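Taking it in order: structure first as C-alpha cells, then the write-up.
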Amino acid sequence: MIRLMVVVVFLVTAKGIQQPRLVYPRLLEERSPDGRMVLHLHDDLTLNLRKASVAASEFRVLEQEDGRQVMHFFKGEELDRHLHEDEKQFASVHLMQKDTGVEVEGIVGPYHRIQPMPEMERSEDGLVPHMIQEIEKKEMHDIEMEPRGLDAWSIKERSGGTANVPEEVTVELFIVTDRWHHKHFAKTSQLILYLCIIVNSVNLRYTETSAPRVKFSLVGVEKDEVINSLVYIDGK
C-alpha cells in the first residue's frame, strides 16, 4: 500500500458563485433490487445511491488534550455507516434516516454540495429543508520542493522488462488539518465525516483508472494547533 500525508491548505475565491437552491430531499425507494436507495432532490436531480466505504478499519485521530498529544481510535465501519455514493452523478453524501425525516450532507455532483437547514421551516408534508450550493473554487498553492537526501536515490529510466503491475493499488491517506481548518467543525466526528465525504469523492474520480485500479483509503487525521500552515512547507 502507498501511504500519503496530506496537509489541508485552501484559499477560497467566491467569484461566479451561483445562488443557493432550496430543496426537500425525499426517498422514492429505500432499497431497490440491487441495494440502492433512490433519493429525489429536485426535478433535475435524482440520486441512485449505493453504500460506500473509505475509512480504514482502525481509524486514528491525533489531537492535543491538556497540552499533550493523544491518539484516539475509531472503527472505520462506524464512520462509513451512512456514507453513500452515486458514481454516475459524482455524488458522495452522508445520509441519515431519522424519525424527523431524511438528512443529507455532502457532494451532489462535480460542482455542488448539499447540507440540511434545520432552522428553516419544513415542507407541508414534513420534509427537511436542505440547501444546494455551488462548491467554492479552491485555489491550491502547490510548491515544488526537492526531497532531502535526493543524492542517495538511484533514479533510472524504465527498463524494457515486463513489470508485475497489481490489479489494484490502495493509497493510504493520513490528513493533517491545521487550526484554521478544523475550527469550523464543532465536533471531531463532524470533521471525520467531512473528510470521508471528500476522500470518497476523490475515489469516484478514479473509478475509470485501470492497470492498476487506484483507490484511496482514509487512515487517520491529525488536528494540529499550528496556525500558519506554511510551517509544513518550509519545515520550521
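Remarks
- Residues (basic (Lys, Arg) and outside any helix (DSSP H, G or I)) located in the range 177-202: LYS183, LYS187
- Residue in the range 203-221 that is farther than 15 Å from ALA52 by Cα, of a type outside the set (Lys, Arg), in a helix (DSSP H, G or I) and within 12 Å of the chain's Cα centre (by Cα) present: no
- For beta carbons closer than 6 Å, sequence separation of 6+ or different chains, a first residue in the range 7-36 that is closer than 18 Å to VAL108 by Cα and a second that is of a type in the set (Gly, Ala, Ser) and modelled with pLDDT of 70 or more, the qualifying pairs are TYR24/SER123.
- Sole residue being in a strand (DSSP E or B), over 14 Å from the mean Cα position of the chain (by Cα) and at pLDDT below 90, chosen from LYS138, LYS236, LYS156: LYS138
- Out of ASP80, ASP125, sole residue that is farther than 16 Å from ARG21 by Cβ and modelled with pLDDT of 95 or more: ASP80
- Hits in the range 32-76 - residues which are under 30 Å from GLY101 (Cβ atoms) and among the hydroxyl-bearing types (Ser, Thr, Tyr): SER32, THR46, SER53
- Any chance LYS183 is farther than 21 Å from GLU167 by Cα and basic (Lys, Arg): yes
- For the range 101-117, a residue qualifies if it is over 23 Å from TYR206 (Cβ atoms) and either loosely packed, with under 12 Cβ neighbours inside 10 Å or in contact with a strand residue (DSSP E or B) (Cβ under 7 Å, 6 or more places away or on another chain) (or both), and the qualifying residues are VAL102, GLU103, VAL104, GLN115, PRO116, MET117.
The values are calculated or read from the model by the stated rules, or taken from the named source; none is laboratory data. Every value quoted in this text rests on a predicted model; they were computed, and no experiment measured them. Every residue, glycine among them, receives a Cβ derived from its backbone with ideal geometry; neighbour counts consider all protein chains shown.
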